[in-house]
Structure formats: structure tokens, C-alpha cells
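Okay, structure first, notes after.
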Amino acid sequence: MSFRKKQIDLVSEFMKSDQAQKEINDLYFQLFNDLDFRNAPSIGITLSMNDEIPTFPIINQCWEMGKEVYIPKTFADYSMNFVKYTKDTELEESSFGVREPKDYQNNLMDPPDLMIVPGLAYSEDKNRLGFGAGYFDRYLAKYPTKTISLALSQQYYQETPWPVYVLDKSIDKIIVSKSEQDADNQ
């Protein structure tokens, strides 16, 4: 079984725990106090799916702070663009089951000032394991911008236990949740 598959199962199981909710709340707190996040006029973010850190609280916080929110529209050639997202944006489901903007000809911003990049696992040396299609790596190669990822305790590794390829883009900043044991040790 691949590391990616094991990681999907691990995160899926962890997301059912009370611990996961505590960590998610801690990640929101850290993100909302992060200077790069606070100072970015526009944020690129995905609409979360099952077993991902819910992004709607982040999107709502962005709107409350007067930021513009952009979500990805993906294409068959593994490229994507970021389209402005408001409460009125009409969405449709992609072949992967991801909700995406239906109309994507207008209101593009490539790249947003800060991108919150999803993933399955992260390492201390800023490597990221994505879901395998390479959308974000291709996008960031074409449109370099500031990146942040949010990592639950089950998603963060000191060493990188998966193969890293030349096309893989590292993340500028990984915000790691403080798990219970960390809190006890402080």
C-alpha cells in the first residue's frame, strides 16, 4: 500500500476524533493571527471535502476581514485558475467531486496574494504530499506566490517519508496544530 493511501486512511480515521476538532480550532486560531494571512488582500483557497480541514470558517473570516476569496477551477490538462468566490457564486461539481465555480471566464486572479494549499502530509523541510494530480505544483510553477498549509498532528512529519520529485513545490509556511501532548509540555 502506498504512503499516500496509508495517509488518506490515517487522516480519515483521525478526523472522526474529538482531538481532530481541537486541532482544527487551533489551526484556525494560528492562521487568523498569522501576519502573512492578515496582510494578504486576496486569498486562494479550496472548498473543502470530506476528511479535509473545513475551509468555510476560513472563507467567512476572510470575508469578515474584507479580503477577496478565490477558489480554483480545474481543467483536463491539470491546469487551474483562481476565480473570485462570493456568497452568490454558482458552483458545479468537478469529475473529482470538488465544488468549483460554474462561470470562470471573469473575475480571475492568478495568483492570489496568498494561497492556502491543501495536502495529505507535510514535513519539517516544507515538503507537501498532495492528492496526486499535481494541480498545485503545476500552478505554483507558473504563478509563484506566497503559500501556507495547515497540518494536523497526524499530517506532520520531521523527515519526509514519501518520495519528493523535482516538480514538487515546497510550501513557504506550514502551520502545525498543537496537539494535547505539546500543550502539556509547554
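Laboratory data are not the source of any read-out in this text; all were calculated from the coordinates shown. Being a predicted model, the structure only gives us computed values, none of them experimental. Neighbour counts are summed over all protein chains in view; Cβ atoms, including those assigned to glycine, are modelled from backbone coordinates with ideal geometry.
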Legend entry - Scope the range 128-175; condition surrounded by 16 or more Cβ atoms within 10 Å (Cβ to Cβ), of a type outside the set (Val, Ile, Thr) and more than 26 Å from residue 109 (Cβ to Cβ); matching residues: 129, 152, 153, 154, 155, 156, 157, 162
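Would you check which residues across the range 90-115 are outside any loop (DSSP other than H, G, I, E, B) and among the hydrophobic types (A, V, I, L, M, F, W, C) and list them?
If the condition is that a residue be outside any loop (DSSP other than H, G, I, E, B) and among the hydrophobic types (A, V, I, L, M, F, W, C), then 91, 108, 114, 115 are the ones that fit.
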Legend entry - The one condition in (1) in contact with a Ser or Thr (Cβ under 7 Å, 6 or more places away or on another chain); (2) without any contact (Cβ under 8 Å) to a residue 40 or more places away in the chain that residue 51 fails to fulfil: (2)
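What number of residues within the range 64-89 satisfy the criterion of being of a type in the set (A, V, I, L, M, F, W, C), assigned to a strand (DSSP E or B) and in contact with a helix residue (DSSP H, G or I) (Cβ under 8 Å, 6 or more places away or on another chain)? Reasoning before the result, please.
Just the residues of the range 64-89 that are of a type in the set (A, V, I, L, M, F, W, C), to begin with: 65, 69, 71, 75-76, 80, 82-83.
Next, from what is left, pick out any that are assigned to a strand (DSSP E or B): 69, 71, 80, 82-83.
Filter again for in contact with a helix residue (DSSP H, G or I) (Cβ under 8 Å, 6 or more places away or on another chain), leaving 69, 80.
Summing the residues that are of a type in the set (A, V, I, L, M, F, W, C), assigned to a strand (DSSP E or B) and in contact with a helix residue (DSSP H, G or I) (Cβ under 8 Å, 6 or more places away or on another chain) in the range 64-89 gives 2.
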